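Right, one structure below, let's go through it.
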Amino acid sequence: MEVESVLVTGANRGIGLEFVKQLVKLPKPPRFIFATFRNESTAKALQEIQDEAKQTEVVLIKMDVTEAEDIDKAQKLIEEKVGDSGLNLLINNAGVLRYQNFFDITEEDMLFHFRNNAIAPVMVLKKMFPLLQKAAARKMGGMSVSRAAVLNIAAFLGSVTELTETYPEKWLTVMSYRTSKAALNMAMRVVALTVKDQGVLVVNMCPGWVKTDMGTENGLLEIADSVSSMMETLARLDESHQGVFVNRKGKTIPF
């Protein structure tokens, strides 16, 4: 996989941080990696990668994905760096999860999840889209991550089809998370079909149940294994995958 520039949201920990780690170690790493974090106190690992990277300029950006002003500032900074080359890859990774079942649910809790998991990725993509268009315009032919792409970190738990009566009851306690991820799937499907003629690939991908702060130690996958699988799959995607929802190995997941 060869990309000149990548933006990773929520890059200070978990899956986002692992993407940055693996991207800088590619045989031909990106020229720029823009890594966002919300609190400076959590950016130590990113700073270490920034200091050690030899072929990549790792640009750290303080950005709350729910704040329009932060997104605007980030877009301007990225545009100054990439210029007419544009942005090749946006990884919409930032997200939140709280355990709360139907009987305890509050309006605040549902809005919290929707703002972070569904609305924010759309707003980030909307703001960065002109930069993705610039990158897409530089290459002719089909869609690919090396041309211009958006990878939205989705979740199997957001599939309506997969939630049946036999589903483990414990996963009913993340109601707001599930509904926000279902909304993300639909939103990005709409975006994908809207921009299908503009050379920008839009894909939703489930990383699996990963051992992160969000996934807990009960997760079935190590972070490095999940991200390496997603990177391999990402490199294979083309226009036939526009708007799809797949797992980390590229298998389609029903919405």
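For the reader, a short list of remarks on this structure follows.
- Of the residues making up segment 105-125, those that are assigned to a helix (DSSP H, G or I) and open to solvent by 20 Å² or more (accessible area, probe 1.4 Å) are E107, E108, M110, L111, F112, F114, R115, I119, V122, M123.
- Scope segment 126-169; condition buried (at least 17 other Cβ atoms within 10 Å of the Cβ), among the aliphatic types (A, V, I, L, M) and assigned to a loop (DSSP other than H, G, I, E, B); matching residues: M143, V145, A148, A154, A155
- Filter result for N204 (in a helix (DSSP H, G or I), modelled with pLDDT of 95 or more, touching a strand residue (DSSP E or B) at 6+ places or on another chain (Cβ under 6 Å) and under 13 Å from F156 (Cα atoms)): no
- All conditions in (1) of a type in the set (K, R); (2) out of contact with any His (no Cβ under 9 Å at 6 or more places or on another chain); (3) touching a residue at least 12 places away in the same chain (Cβ under 8 Å) hold for K181, with the sole exception of (2).
- Look at (1) in a loop (DSSP other than H, G, I, E, B); (2) farther than 21 Å from V6 by Cβ and you find that A94 fails only one, number (2).
- Residue count for segment 218-255, restricted to those that are small (G, A, S), open to solvent by 20 Å² or more (accessible area, probe 1.4 Å) and more than 23 Å from A192 (Cα to Cα): 2
- Failed condition for T106, given (1) modelled with pLDDT of 95 or more; (2) in contact with a helix residue (DSSP H, G or I) (Cβ under 8 Å, 6 or more places away or on another chain): (2)
- Test for K28: is it closer than 23 Å to Q133 by Cα and in contact (Cβ under 8 Å) with a residue 24 or more places away in the chain: yes
- Taking the criterion of being touching an Asp or Glu at 6+ places or on another chain (Cβ under 6 Å) and farther than 22 Å from V3 by Cβ, the residues of segment 45-77 that qualify are D64, D70.
The values are calculated or read from the model by the stated rules, or taken from the named source; none is laboratory data. These figures come from a predicted structure and were not determined experimentally. Neighbour counts run over all protein chains shown; Cβ positions are idealised from the backbone, glycine included. Ligands, DNA and RNA are excluded from the accessible area calculation, which covers all protein heavy atoms including side chains. Shrake-Rupley method; radii C 1.70, N 1.55, O 1.52, S 1.80 Å.
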